[in-house]
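S.K.: Questions regarding the structure given below will be posed in turn.
The values are calculated or read from the model by the stated rules, or taken from the named source; none is laboratory data. No experiment lies behind these values; they were computed from the predicted model shown. For neighbour counting, all protein chains shown are included, and Cβ atoms are generated from backbone atoms with ideal geometry for every residue, glycine included.
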Amino acid sequence: MTAEVTARFNPFAAEFRRDPYPMYRVLRETRPVHKTMGMWVLTRHADVRAVLCGGAFSAALIPALVSRQAAATTGGTDGDRLDDEEAAFICVMCFVAGHETTKSMIGNGLLALLRHPEQGERLRRDPRQAGPAVTEALRYDSPLQLTKRVAIRDVEIGGHLVSAGEQVLLCLGAANRDPEAFGRPDEFDISRDAPASTPAHLALGHGMHGCLGGALAQLQATVAFECLYRLPGRLEPAVPPSALEWQDRSLIVRGLKRLPVTLRGDS
Ligand code: HEM
């Protein structure tokens, strides 16, 4: 059964989009470093973190484009200007980087709060818990699930040789549910204390390409949760779980198309 599930690992599958976490668990437990569709797939927190902050991998595409843009705006040499396609790509990247992710974080976090009413109740009683709730939401249901690196030299990961030029898919969502890194990883707990020994979640990346807008995004989500849980009344899902639809335009972003809620009476 396990081998069968592992063999069918397919990030495009509707089932995976709906709930990737069972598959991540199988991968972490059976093949934490494996090759599929021509690239290595990593699911353990320690491996993902090591790739993000190690010097053996490159996040080539974006820095190359950003460098070219910098050269263009500072009067770079002839021909060193963005063409239309590159400019459009950067616009799309900024939109995805800043908007889709933040929107998805607020939706995923609110959904987790609605599905765990006791956690929502904590927030209602003390809206100052909104900050920790955002941190836990990022870990529990990360808006950016996947990112990629290219090995710039041969490197060993989890007993496997990743050769220079090979691509590595980093499953941030899987790393953030790794029981080696987080106690009770599948529980949503906004009062989760992070002892000094607990590593940070990787929802905002790590190392030199860690998220530039993470502080802004967390502030936005904190304000959103605080406002929602200060409303007089109780928030409840307005539709059954089976009616929720996950976005399917981007492979790397996990977010709902919409999340209808009801605000029920004051109490
Ligand atoms: C909850 C919201 C957000 C999430 C989950 C998120 C997640 C991430 C992650 C995981 C990375 C690292 C990707 C990698 O290493 O391959 C990243 C990088 C980046 N993020 Fe965010 N992000 C969010 C919001 C934002 C916002 C609001 C902005 C801009 C205002 C932004 C701008 C960027 C940029 C420019 C990078 C690239 C940094 C670099 O390559 O050096 N992000 N983000």
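S.K.: Assuming residue 122 fulfils every condition listed in (1) surrounded by fewer than 18 Cβ atoms within 10 Å (Cβ to Cβ); (2) more than 11 Å from the ligand (Cβ to nearest atom) apart from one, which condition is it?
M.R.: Evaluating residue 122 over (1) surrounded by fewer than 18 Cβ atoms within 10 Å (Cβ to Cβ); (2) more than 11 Å from the ligand (Cβ to nearest atom) leaves (1) as the failure.
S.K.: When you look at residue 170, is it surrounded by fewer than 21 Cβ atoms within 10 Å (Cβ to Cβ), within 15 Å of the ligand (Cβ to nearest atom) and closer than 17 Å to residue 42 by Cβ, yes or no?
M.R.: No.
S.K.: For the range 205-217, which residues satisfy the criterion of being more than 7 Å from the ligand (Cβ to nearest atom) and in contact (Cβ under 8 Å) with a residue 12 or more places away in the chain?
M.R.: 206, 207
S.K.: Yes or no: residue 144 surrounded by 18 or more Cβ atoms within 10 Å (Cβ to Cβ) and closer than 24 Å to residue 207 by Cα? It would help to see each step written out before you state the result.
M.R.: On the way: surrounded by 18 or more Cβ atoms within 10 Å (Cβ to Cβ): yes; closer than 24 Å to residue 207 by Cα: yes.
So residue 144 passes the test.
S.K.: Return the residues of the range 148-167 that are within 16 Å of the ligand (Cβ to nearest atom) and surrounded by fewer than 22 Cβ atoms within 10 Å (Cβ to Cβ); say none if nothing qualifies. Please lay out each step first, then the result.
M.R.: Filtering the range 148-167 for residues within 16 Å of the ligand (Cβ to nearest atom) gives 148-152, 167.
Listed by number, the residues that qualify are 148, 150, 151, 152, 167.
S.K.: Take residue 192 and tell me if it is more than 6 Å from the ligand (Cβ to nearest atom), basic (Lys, Arg) and over 13 Å from residue 137 (Cα atoms).
M.R.: Values: more than 6 Å from the ligand (Cβ to nearest atom): yes; basic (Lys, Arg): yes; over 13 Å from residue 137 (Cα atoms): no.
No: the conditions fail for residue 192.
S.K.: So, one more: Give the residue, chosen from 202, 251, 259, that is part of a loop (DSSP other than H, G, I, E, B), within 16 Å of the ligand (Cβ to nearest atom) and closer than 14 Å to residue 114 by Cα.
M.R.: 259
S.K.: Output the number of the condition that residue 176 fails; it satisfies all remaining conditions of (1) within 16 Å of the ligand (Cβ to nearest atom); (2) on the phi > 0 side of the Ramachandran plot.
M.R.: Residue 176 satisfies every listed condition except (2).
S.K.: If you take the residues of the range 232-248 that are surrounded by 12 or more Cβ atoms within 10 Å (Cβ to Cβ) and outside any loop (DSSP other than H, G, I, E, B), which of them is modelled with the lowest pLDDT?
M.R.: 234
S.K.: Do you know which residues across the range 31-59 are in a helix (DSSP H, G or I), at pLDDT 95 or above and either buried (at least 17 other Cβ atoms within 10 Å of the Cβ) or in contact with a helix residue (DSSP H, G or I) (Cβ under 6 Å, 6 or more places away or on another chain) (or both)?
M.R.: So in the range 31-59, the residues in a helix (DSSP H, G or I) come out as 45-53.
Narrowing further to those that are at pLDDT 95 or above: 45-52.
Across the range 31-59, the qualifying residues are 45, 47, 48, 49, 50, 51, 52.
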